[in-house]
Amino acid sequence: MTTSNFDGIPSLGTASDTVNLANSLPDVSQLEKLANELFSALPCDGTGTGVGLLSSAASNVFNEQLSGIDKALIPGTSPNHFGVPGEAELQKLFAPRSASVGSFPSSKLATSHPDDALSALHAPQQSVDKSLFTGINTQGFDLPGEAELKKLLAEKSISPAMKGHAIVPNAKADAPAVSDFYFLNESTSLNRSAPVSARDFAHPAFNVSAVRRDFPILNERVNGHQLVWFDNAATTQKPQAVIDRVSYFYEHENSNIHRAAHELAARSTDAYEKARNTVARFLNASSADEIVFVRGTTEGINLVAKSWGKQNISEGDEIVISWLEHHANIVPWQQLCSETGAILRVAPVDDSGQVLLNEYQKLLTSKTKLVSFTQVSNALGTVTPAQQMIEMAHRVGAKVLLDGAQSVSHLRADVQKLDCDWFVFSGHKIFGPTGIGAVYGKPELLEGMPPWQGGGNMIEDVTFEKTVYQPAPARFEAGTGNIADAVGLGAALEYVEHIGIDNIARYEHELLVYAMDKLQNISGLRLIGTAPDKTSVLSFVLAGHSNQDIGVALNKVGIAVRTGHHCAQPILRRFGLESTVRPSLAFYNTHDEIDHLVNTVRRIKNGSAVY
Ligand code: PMP
């Protein structure tokens with residue numbers, strides 16, 4: 001059963017409310033402190049901009065047996081009770097303060113605009129005094145519910161895995177940087193005995209207002225308007241956790257990695273290799289040795305082309321790509337073909353922008369040595385049937401590279417399930433720094449691949465006669481890598497893990513459908529990319545207006561979109577176009593922002609918004 005219990009489970013209130021805990025029960029502060037210990041043991045730094053303590057209480061104490069919250073249930077909040085020991089007492093203790101800090105007005109919750117409902121739920125959650133989050137009190141107070149809280153505290157004590165999850169400035173890996181106040185409920189059972197990992201804290205829904213506060217740049221004003229960042233397919237914004245993690249690296253850990261006897265080299269090596277572990281976990285690779293750090297997707301594809309490609313592709317062989325590809329997944333293969341005499345084949349798409357599987361099938365023969373395609377099109381947003389396409393390629397013995405540049409921040413990436421041979425992505429497309437990305441490769445392939453660049457780090461031994469190379473992944477990381485940004489990428493992936501990629505996918509899908517529906521109703525507007533399976537991207541053209549002019553007009557009201565060919569000229573030409581306007585979404589975007597976009601496009605169309 002899924003239900004909610006927001007009535008009667010208010011937030012703790014503002015810091016001053018917290019200090020002034022006057023009520024008729026003398027030991028309430030102790031009980032509350034215990035509750036706080038419980039929540040601070042969860043992946044929450046306790047310093048968030050508005051930790052909804054008893055919203056957490058609702059999730060963690062009362063809802064332990066609940067599997068998730070259905071948003072549809074939010075408007076009809078009901079005073080449900082769950083029969084959890086201590087529930088009645090806790091509700092009684094906190095109920096009086098619910099009135100002072102606000103309850104959830106059902107009229108607000110009944111709105112049809114999804115953002116409003118989520119914001120309303122979050123509204124009463126005020127800041128909590130940080131001092132309440134310190135020190136576990138072992139004293140007994142004989143309070144109702146105390147024993148249960150203590151038991152939960154013991155069960156929730158942070159495991160080593162969760163310690164690794166932490167990112168806070170000036171407190172190396174001791175407290176997670178993101179709070180559970182994003183979430184309206186929690187599916188994680190508190191009675192688990194298995195080690196806790198970041199993935200365990202994926203939640204069924206999140207509060208967009210709360211996540212937005214993690215991204216300082218979203219407060220920027222552009223031309224007198226609040227910034228609306230709809231250029232996520234080009235690059236994503238960075239949460240404070242990532243910014244802090246990179247700063248922390250330079251403040252406390254900076255050193256070149258490996259081969260040094262000093263403390264900072266140990267710290268930076270640990271941080272760098274921990275980030276590699278995080279990438280492996282995020283992609284569900286079976287080992288960190290399968291992860292090579294590169295500058296980004298482009299470099300990752302080039303690595304495979306120049307290393308595996310040169311070794312394995314020869315005259316007459318065929319390489320299959322799709323019509324959807326970014327130039328980064330076309331040019332390296334063209335170069336390889338011209339060097340080797342291999343042939344590049346291209347799988348066409350239908351008018352919605354989806355790969356025609358029957359045509360793709362026809363291209364797959366015993367000559368096909370490699371298939372390389374994108375999981376999500378950056379120009380159209382099409383989600384390709386990757387698993388099926390990989391399976392089809394493997395049937396003819398081809399290897400498969402999956403370009404995850406656009407998919408990694410929107411869909412769960414599971415390289416073992418996909419069974420791709422390589423998976424490449426860029427950190428900056430998933431809330432991490434620029435200049436860092438990763439290649440996943442199956443271990444047997446990486447082991448057989450020659451290095452593509454030579455230098456330091458990638459060698460085992462060098463004489464003037466010969467060089468013995470390191471095994472993978474070091475073999476592919478010649479020279480000093482982008483250490484700090486690799487660490488920042490690890491922080492970004494942990495941030496996404498904490499929010500939960502499935503929650504992100506669900507929310508973004510809802511946003512995309514909302515936006516497509518509204519844009520489609522503007523006469524003269526043509527959406528480019530209408531595949532049933534698509535994500536994030538809203539490419540369009542508007543009759544009578546140049547794409548550049550639309551981009552300029554949107555910028556005047558603070559909306560950032562990309563206009564141009566999006567480094568994917570072949571697919572745009574497939575639709576008879578040289579460029580489009582491309583708003584692209586991330587989970588911090590809102591329905592209000594979509595409304596702002598749609599209204600402005602309407603005004604452009606009517607001539608009331610000038611370029
Ligand atoms: N592939 C796709 C599908 C992309 O969208 C991009 C970036 N727009 C790339 C590859 C190249 O990524 P990067 O520039 O980060 O190397």
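Nothing in this text is a laboratory measurement; each read-out follows from the coordinates by a stated rule. Because the structure is a prediction, the values reported are computed rather than measured. Here the Cβ positions follow ideal geometry from the backbone for every residue, glycine too, while neighbour counts run over all protein chains shown.
Which shape class, rounded, prolate or oblate, goes with region 483-587 when its Cα gyration tensor gives a ≥ b ≥ c as root eigenvalues, a/c under 1.5 marks rounded, and past that a/b bigger than b/c marks prolate?
On the way: a/c = 1.98, a/b = 1.64, b/c = 1.21.
The shape class here is prolate.
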Roughly how many whole Å is it from the C-alpha centroid of region 402-470 to that of region 557-597? 29
Given a Förster distance of 35 Å, report the FRET efficiency between Asn277 and Gln520 from their Cβ-Cβ distance, rounded to the nearest 0.05. 0.20
What ranking, highest mean first, results for peptides 562-568, 581-587 when packing means the other Cβ atoms within 10 Å averaged over each residue? 581-587, 562-568
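Hey, fewest Cβ within 10 Å first, where do Val371, Val222 land in order? Show your work: numbers first, answer last.
Numbers: Val371 28, Val222 15.
Least to most surrounded, the residues fall as Val222, Val371.
Would you please calculate the Kirkwood hydrodynamic radius of region 540-586 over all C-alpha pairs and express it in Å, rounded to one decimal? It would help to have the intermediate numbers written out before the result.
Working: mean 1/r = 0.0904 Å⁻¹.
Evaluated on region 540-586, it is 11.1 Å.
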Show the residues, 5+ positions off or on another chain, whose built amide H is closer than 5 Å to the amide H of Ile343. Gly316, Asp317, Glu318, Ile319
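Rounded, prolate or oblate, given the Cα gyration tensor of region 377-514, with a/c below 1.5 counting as rounded? Could you put the intermediate results ahead of the total?
Details: a/c = 2.94, a/b = 1.54, b/c = 1.91.
In terms of gyration-tensor shape, oblate.
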Which GluC sites (Glu not before Pro) from region 314-344 combine a DSSP loop assignment with at most 15 other Cβ atoms within 10 Å? Glu315
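Which of Lys362/Lys417; Lys238/Lys605; Lys306/Lys442; Lys362/Lys399 have a Cα-Cα distance over 27 Å? Kindly include the intermediate steps, with their values, before the conclusion.
Values: Lys362/Lys417 25 Å; Lys238/Lys605 33 Å; Lys306/Lys442 17 Å; Lys362/Lys399 17 Å.
Violating the 27 Å limit, Cα to Cα: Lys238/Lys605.
Which of the GluC sites (Glu not before Pro) found in region 442-549 are loop residues per DSSP with 11 or fewer other Cβ atoms within 10 Å of their Cβ?
Qualifying residues, ordered by number: Glu465.
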List the trypsin sites (Lys or Arg not before Pro) within region 244-285 that DSSP assigns to loop and that have no more than 15 neighbouring Cβ atoms inside 10 Å. Arg259
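Rounded, prolate or oblate: which fits region 409-476, taking a ≥ b ≥ c as square roots of the Cα gyration tensor eigenvalues, rounded meaning a/c under 1.5, else prolate when a/b beats b/c? Before the final figure, lay out each step's value.
On the way: a/c = 4.34, a/b = 1.78, b/c = 2.44.
Since a/c reaches 1.5 but b/c is at least a/b, the shape of region 409-476 is classed as oblate.
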So how far, in whole Å, is the C-alpha centre of region 361-400 from the one of region 276-295? 22
